[in-house]
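Asks: I am attaching a structure below and will ask some questions about it afterwards.
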Amino acid sequence: MRRAGLALLALLVLLGTSVAAAQPRVHRIGVVLLGGPGAQSIDGLRDGLRELGFEEGKQYAFLVRDAKGDRKAAGVAAKGLEADGVDVIFAVGSSVTFTVMEATKTVPIVFHTGADPAEVGLVETFRKPGGRLTGVGSQSRDLGPKRLELLKEIVPSARRVVGFYNPDNPTRNAVPALREAARRLKIQLIERQVRSVAELNAGLRALRHEDADAIFYIGDSMVSSQAQAVVEAGLAKRLPTMFHDSGTVMMGALASYGVSFRAIGHQTAKYVHRILLGARPGDLPVELVDRIYLAINLKTAKAIGVTIPQAVLTRADEVIQ
């Protein structure tokens, strides 16, 4: 009787082991971002992975770390994710990618960067990234002059444009090109340097309607993480706001010219998928974002007393009534 019981127990253990072995592995995907519209990339990543046959909760799980504009917190989060054994980290934004790269040692990283990733030293080349990083570049930083031109077209009377940015951002060299574009457009670019969310919020509170004719996104992920606060300040002070992501227009920004973070997340899904299946990041060529969006918010225009030229509305990819 005892032998029969032991045999049954052994059989149950064997069956349990077989069932466990048959269970598909749930990969763990770390996500590090500073907040703001960049969070929409998670929905895009989820959509892209679903199209590739990966469902959340079955084949993978997200471990999202929102640093709320604090790069040091992003570094701590990245280090913790690597210690927890995530399979890959998706880093949203140039400065976040640098932070994640510096804070970790071995974990693969898939990034979105608005700068040229080869130029700023994230990868060796687009075709052969090398190392443990790859991903998608939007080169949103290089769209700054065109974005300023569009702002001037939308608000022809704009003479003074204020922009906030962190001078410690490793990819802040968008500023010289914007200065040149402002000179050509006969616009005074008022630069406000802020090194923290607290400094940014203080600068927004101190900003008066007569100080500038518009608020312009210069190109900084810390500032982008606080897009809602910037938009609300613009509305309160009746100042047009020009951003880089169509999601900010949904928040109430007057206009944006640049990327869709949701589309970026979708595009990065194939990198995450291939790495989870065993590919090396350094062998996966970096791609550029394949679409740029012009978005306009007519409700905001009415609220701050701006009339959008018909020529701009005709070219817009998205118009919010």
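Asks: I'd like the full set of residues that are more than 25 Å from the chain's Cα centre (by Cα) and either modelled with pLDDT under 95 or part of a loop (DSSP other than H, G, I, E, B) (or both), limited to segment 149-179. Break it down into steps so the answer makes sense when it comes.
Replies: Going residue by residue through segment 149-179, those that are more than 25 Å from the chain's Cα centre (by Cα) are 152-160.
Answer for segment 149-179, where residues must be more than 25 Å from the chain's Cα centre (by Cα) and either modelled with pLDDT under 95 or part of a loop (DSSP other than H, G, I, E, B) (or both): Val155, Pro156, Ser157, Ala158, Arg159.
Asks: Is segment 41-50 home to any residue that is open to solvent by 80 Å² or more (accessible area, probe 1.4 Å), assigned to a helix (DSSP H, G or I), touching a Ser or Thr at 6+ places or on another chain (Cβ under 9 Å) and modelled with pLDDT of 95 or more? Give the derivation first.
Replies: Step one: of segment 41-50, the residues open to solvent by 80 Å² or more (accessible area, probe 1.4 Å) are 50.
This time we only want the ones that are assigned to a helix (DSSP H, G or I), so: 50.
After this cut, where a residue has to be touching a Ser or Thr at 6+ places or on another chain (Cβ under 9 Å) as well, the list is none.
Within segment 41-50, not a single residue is open to solvent by 80 Å² or more (accessible area, probe 1.4 Å), assigned to a helix (DSSP H, G or I), touching a Ser or Thr at 6+ places or on another chain (Cβ under 9 Å) and modelled with pLDDT of 95 or more.
For every residue, the table says whether it meets (1) within 30 Å of Pro108 (Cα to Cα); (2) under 17 Å from the mean Cα position of the chain (by Cα); (3) open to solvent by less than 30 Å² (accessible area, probe 1.4 Å).
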residue: Val259; (1), (2), (3): yes, yes, yes
residue: Asp290; (1), (2), (3): yes, yes, no
residue: Ile296; (1), (2), (3): no, no, yes
residue: Asp317; (1), (2), (3): no, no, no
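Asks: Moving on. Just to be sure, is Val272 modelled with pLDDT of 95 or more and open to solvent by less than 10 Å² (accessible area, probe 1.4 Å)? Step through it out loud before you land on a result.
Replies: Values: modelled with pLDDT of 95 or more: yes; open to solvent by less than 10 Å² (accessible area, probe 1.4 Å): yes.
Judged against the criteria, Val272 is a match.
Asks: I need a count of the residues in segment 181-212 that are surrounded by fewer than 20 Cβ atoms within 10 Å (Cβ to Cβ), more than 18 Å from Asn169 (Cβ to Cβ) and in contact (Cβ under 8 Å) with a residue 40 or more places away in the chain.
Replies: 1
The values are calculated or read from the model by the stated rules, or taken from the named source; none is laboratory data. These figures come from a predicted structure and were not determined experimentally. Cβ atoms come from the backbone with ideal geometry, glycine included; neighbour counts cover every protein chain shown. Quick note on the areas: whole protein, heavy atoms, side chains included, nothing else; ligands and nucleic acids left out. Shrake-Rupley method; radii C 1.70, N 1.55, O 1.52, S 1.80 Å.
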